[in-house]
1. For region 274-344, what is one quarter of the convex hull surface built on the Cα atoms, given in nm²?
2. List, largest first, the extents of the alpha carbons of region 150-198 along their principal axes, each in whole Å.
3. Round to the nearest 0.05 the FRET efficiency obtained for residue 1 and residue 266 when R0 = 30 Å and r is the Cβ-Cβ distance.
4. Please report the base-10 log of the normalised intensity I(q)/I(0) for region 255-295, using a Debye sum with one equal scatterer per alpha carbon and no solvent, at each q in 0.14 (1/Å).
5. Report the label-to-label distance for residue 56 and residue 212 in nanometres (one decimal), using points 7 Å from each Cα along the Cα→Cβ vector.
6. What is the Cα centroid distance between region 187-228 and region 76-117, reported in whole angstrom?
7. Once you have the Cα-Cα distance between residue 102 and residue 150, take 0.36 nm times their residue separation minus that, and quote the gain in nm to one decimal.
8. Per the Cauchy relation, a quarter of the hull surface: what is the mean projected area of the convex hull of the alpha carbons in region 15-93, in nm²?
Ligand code: KG4
Ligand code: ZN
């Protein structure tokens, strides 16, 4: 079965074409990164408008890269949520239109569930029960995975997502948006032990995350404690690198510690990571240093960020032979499927 995946939950219009949930035939992305960089964040209304302009050319580019015509597409999978409402609507409208024009079934899939599937794409079989770790610009959570489509929420952030914290600290350091890769690059030149930052703890919820205190720590370090006096501390390039390294080390170590704790809380057989921050190579090193006892699966680097391949791949598993209806709605706050909160 050949599935065309459409992803427009945020600022990238991404198309993937995947055969039988595993073989990537095309991976095309129309990135709006440069446009939103001027606002140091995503400008939602413009993201939706730009998707309208770029979606069809990106679909054509993907079909042409795979040397396929619309006739070869057996299913259209599209992100139905969570995400920005205008962006989601652009992708959903395209999917519904192509469903009618090509006479091809379509289904809506869950964006964050697809981030986890990105790490499952490259192996022949999936391993359950396993732990899923989504670390992106909009989400940070740990789930027990019983099967594709069946998850149990173990921990989540009570404030900022990890990628959002990287983006905010990058802005404080005068780095471009999105900040994750810039912080990672700068941190390579810095001393991770220079500043005693601390990641947040959530009372009574040992697997939950909190990054807003850490961000404030960084803010005070950069601007000085007397913010109201506007006495900004002059930071040298080395100071900035040390801030980036100290912040990154603490934030990523927090992810590793809580991941290991969560994996120990049930008979876990594997760990799957996904989302933009899973691209960070220091995070991969930290997992190795922690000598995690079970296999840890990462998406291919180009599949860590938002992409249509993960949507097409997951769509293959979600499709039960029946198309969704044209009344399918975008769900900006769609939770991961079959989620029940754990008592941990
Ligand atoms: O998964 P994604 O493309 O979009 C969402 O679904 O949110 O993730 C984008 C986020 C941004 O916040 C970006 O700064 C972060 O992932 N990111 C990183 C790295 N590369 C991207 N964070 C840390 N280290 C990186 N190397
Ligand atoms: Zn995403």
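1. Over all viewing directions, region 274-344 projects a mean Cα-hull area of 7.7 nm².
2. Largest first, region 150-198 extends 41, 25, 18 Å along its Cα principal axes.
3. FRET efficiency, residue 1 to residue 266: 0.40.
4. -0.30
5. According to this spin-label approximation, the distance is 4.4 nm.
6. Centre-to-centre (Cα) distance: 37 Å.
7. Using 0.36 nm per residue and subtracting the Cα-Cα distance, I get 14.1 nm.
8. So the mean shadow area of the Cα hull is 5.8 nm².
No value in this document is a laboratory result; all are computed from the given coordinates. Please read all numbers here as calculations on a predicted model, not as lab measurements. Please note: Cβ atoms are built from the backbone with ideal geometry, for glycine as well, and neighbour counts cover all protein chains shown.
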